Amino acid sequence: MNEALVYAIQFIFSILSFLFVARFLLQACRVDFYNPISQGFIKVTDPLLKPFRLAIPGFKNLDLAAFLAAMVMEILLLVILSSLAGQDPGNFLQLTAFGFIQVVLLIIRIFWWSILIVIIASFIAPGSYHPALGMMQQITEPLMAPARKLLPAMGGLDFSPILVFLLLGVLERILPQVLASVY
């Protein structure tokens, strides 16, 4: 029973974190507002973000309320799981660092999977359009554009995702070490 409860709690909080991070990325990457999938994320997250927006305004194209909401979800998940296990979750600074790093890791994973899906789709169905694929292309473009300048296409093949995967992989391995140094 305890294992099932832990799984259910992790699932619910992970979905909420994903929704908030996706909402943050939609605005940060300037994804098409009229994309039906973008609209779905907005409709689902708007009621949950209204209380956060009262206290935390956006900054330029960053939805800080969505980022903070994702951090709160990660912190709550840690606190709940720690209390179920009878452990101390840590002090405020440690919890804040944990929440921030977990959200950044989630952003890295979303970028990684989005790039991979866009690459696979470009081989399977080149030139086709689907709202989800268009959204993923727009999300990955802020990372891919600078990489394309460093590694231009060679013979019609774009090797810039390799550079982005390398950068994301390095960050994904460094951030848990930073978190371990805080704890």
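Within the set 164, 118, 170, the sole residue that is surrounded by 18 or more Cβ atoms within 10 Å (Cβ to Cβ), of a type in the set (A, V, I, L, M, F, W, C) and free of Cβ contacts under 8 Å to residues at least 24 places away in the same chain turns out to be 118. Across segment 121-138, which residue is surrounded by the fewest Cβ atoms within 10 Å (Cβ to Cβ) among those that are touching a residue at least 24 places away in the same chain (Cβ under 8 Å) and farther than 20 Å from residue 168 by Cβ? Top of the filtered list is 132.
Here 90, 127, 169 are screened, and the one residue that is outside any helix (DSSP H, G or I) and closer than 28 Å to residue 10 by Cα is 90.
Restricting to segment 86-108, give me the number of residues that are without any contact (Cβ under 8 Å) to a residue 60 or more places away in the chain and either surrounded by fewer than 21 Cβ atoms within 10 Å (Cβ to Cβ) or among the aliphatic types (A, V, I, L, M) (or both).
Looking only at that region, the number is 9.
When you look at residue 104, is it at pLDDT 95 or above, assigned to a helix (DSSP H, G or I) and of a type in the set (A, V, I, L, M, F, W, C), yes or no? First the steps, then the outcome.
Numbers: at pLDDT 95 or above: yes; assigned to a helix (DSSP H, G or I): yes; of a type in the set (A, V, I, L, M, F, W, C): yes.
Taking the combined requirement at face value, the residue satisfies it.
Those helices (runs of 4 or more DSSP H) of segment 1-85 in which 1 or more residues are among the polar types (S, T, N, Q) and surrounded by fewer than 12 Cβ atoms within 10 Å (Cβ to Cβ) occupy 2-28, 64-85.
The residue pairs whose first member lies in segment 1-20 and is closer than 14 Å to residue 107 by Cα, whose second member is surrounded by 11 or more Cβ atoms within 10 Å (Cβ to Cβ) and acidic (Asp, Glu), and whose beta carbons are closer than 7 Å, counting only pairs six or more residues apart or on different chains, are 17/74.
The values are calculated or read from the model by the stated rules, or taken from the named source; none is laboratory data. Everything numeric here is computed off the predicted structure, so don't read it as measured data. No Cβ is skipped: glycine too gets one built from the backbone with ideal geometry, and neighbour counts run over all protein chains shown.
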